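Working notes, structure below.
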Amino acid sequence: MRLLIKNGRVIDPASATDETLDILIEKKKIIAVETKLDDDAARTIDASRKVVAPGFIDMHVHLRDPGYEYKETIKTGSLAAARGGFTTIACMPNTSPINDNQEVTKYIVGESRKNAVVNVLPIAAVTLGEKGEELTEMGELLAAGAVAFSDDGQPVASSQIMRRALEYARQFRTVIIDHCEDKSLSGQGVMNEGAISYRLGLKGIPASSEEVMVARDLILAEEADAGIHLAHLSTRGSVELVRQAKARGVKVTAEVAPHHLVLDDSLLEGYDTRLKVNPPLRSLDDVRALQEGARDGTIDVIATDHAPHSPDEKAVEFDLAPFGINGLETAVSLILDRLVHRKILPLKRFIEMFSTAPARILHLDEKGMIEVGADADLTILSLNQNTVVDVDRFRSRSRNSPLQGWKLKGAADMTIVGGRIIYP
């Protein structure tokens, strides 16, 4: 059946489009994009006063499946993604067993085909067991369905191993996504190191624990003439290092999580474990630097780092609680409300960071655009829709969000995957 979307404000950064257009979809593909289209046989969606964007892609999600299904499953994570406006998500490999071999990759692909309502793309481990000692078989993992490689949750501590990984990734036309952290510096820290951590009596994680690894990765990527993607940047220093590297031609891309763009460490005064994340919430100065980096293109992508946990795991002393925040169902509304509506981040740039840029980085050649022949993955936004965050309505199995009760303006109104409406 054909689907016709009419009268929407189509914003497609890939083609520099921003105008009122109609979109006709058939057999999972966009077959026409014109000023006025009519098709009596098509199901028609009136998108008047709404924004139609390329399907949003979250390239940093933890689905916990296999092994930790009590936190999240491929099915529940995909339902949460759909509600949040995401048509594609890429899941990190720190499951149990770790996704470091073809069998685990094939399991994720198979379960996704059976149970997921959005596109689920596996990210495989860089090293066996995420131990940082021996590289995985990248070619085999790519053949099984992996789209990128990361030891997320663990840094690749060995510079020699990272250099070799970058060289192989260049040959395979894929990307290494690195968790930038020097464990010897972060130690047993649980929040940003600074005046607030001292006052609260909590062990701090210094900015340098991230920045020294960012600097190392940039040096290695430049030497190998290979692309690298830096996950969840959180400090002013990291942003500046990436800015300088891009200026001299290093093939680096970077992401920032919504919580790092909006929240700062002053919120930890109440010891709320839902705010315990890694990297930690940083200072207000860091938040402003991240916002500027997002605005000027230094940071390419907004990715949620959706990290679901059970209530019992978070309902402990701050020192003992796991790192992680639920992000799939709040990210779009949070950024629209706090950055787009406040003129900190332009709407077009917001859409680019959630769609066109991650599609480019992950080499998803038929996604991240609204053009004839592209995949019919679309996110329709209602910019003025008022929402109240209610974790009891989450489709995620997890409820660990510090945004409970927040009033936000703007939301995903409809999510379309392969020409099929999957939300609402």
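Quick check on the chain: of the DSSP beta bridges with both residues there, what percent are antiparallel, nearest 5%? Walk me through the numbers on the way to the answer.
Working: 30 of 60 bridges.
Percent antiparallel among DSSP bridges in the chain is about 50.
Using alpha carbons only, how many degrees (0 to 90, rounded to 10) separate the axis of helix 236-247 from the longest principal axis of the chain?
60 degrees
Using R₀ = 30 Å, calculate the FRET efficiency as 1/(1 + (r/R₀)^6) where r is the Cβ-Cβ separation of N115 and A315; round to 0.05.
Numbers: r = 29 Å, r/R0 = 0.96.
The computed FRET efficiency comes out at 0.55.
Between T20 and I219, how many nm apart are label points set 7 Å from Cα along the C-beta direction?
5.7 nm
List the trypsin sites (Lys or Arg not before Pro) within the range 92-186 that DSSP assigns to loop and that have no more than 16 neighbouring Cβ atoms inside 10 Å.
Loop-located and lightly packed - K131, R173.
For the pair Q188/Q404, report the inter-label distance in nm, with labels modelled 7 Å from Cα in the Cβ direction.
2.9 nm
Cα axis of helix 74-84 to longest principal axis of the chain: angle in degrees, 0 to 90, nearest 10?
So the helix axis and the longest Cα principal axis differ by about 70 degrees.
Mind checking the range 127-204 for GluC sites (Glu not before Pro) that DSSP puts in a loop (not H, G, I, E or B) and that have at most 14 other Cβ atoms within 10 Å?
Answer in residue order: E133, E134.
Which FRET efficiency, nearest 0.05, do D392 and F172 yield, Cβ-Cβ r, R0 35 Å? Mind dumping the intermediate values first?
On the way: r = 44 Å, r/R0 = 1.25.
Computed FRET efficiency for D392 and F172 comes out at 0.20.
Excluding same-chain pairs closer than 8 in sequence, count the lysine pairs in the range 147-292 whose Cα atoms lie under 29 Å apart. Kindly include the intermediate steps, with their values, before the conclusion.
On the way: K183/K203; K183/K246; K183/K251; K183/K276; K203/K276.
Going through the range 147-292 pair by pair, I get 5.
Once each part is reduced to its C-alpha centroid, what is the distance from the range 299-321 to the range 185-204 in angstrom?
17 Å
Show which aspartates and glutamates lie in cross-link reach of K29 when reach means a straight Cα distance below 20 angstrom and same-chain residues fewer than eight apart are skipped.
Qualifying aspartates and glutamates at Cα under 20 Å: D12, D38, D39, D40, D46, D365, E366, E371, D375, D377.
Past the 22 Å Cα-Cα mark, which pairs from K36/K343; K50/K409; K131/K367?
The answer is K36/K343; K131/K367.
Counting other Cβ atoms within 10 Å, keep those with at most 11, restrict to DSSP loop, and tell me which GluC sites (Glu not before Pro) in the range 272-376 are left.
Answer by residue number: E317.
Using +1 on the beta carbon of Lys and Arg, -1 on that of Asp and Glu, and nothing else charged, what's the dipole of the chain about the Cα centre, debye to 20? Walk me through the numbers on the way to the answer.
Working: 51 positive and 62 negative charges, 215 e Å.
Roughly 1040 debye for the chain.
The numbers here are math on the coordinates, done by the rules we state, and not lab data. From a predicted model like this one, the values you see are computed outputs, not experimental measurements. Quick reminder, even Gly has a Cβ in these numbers, built from the backbone with ideal geometry, and neighbours come from all protein chains shown.
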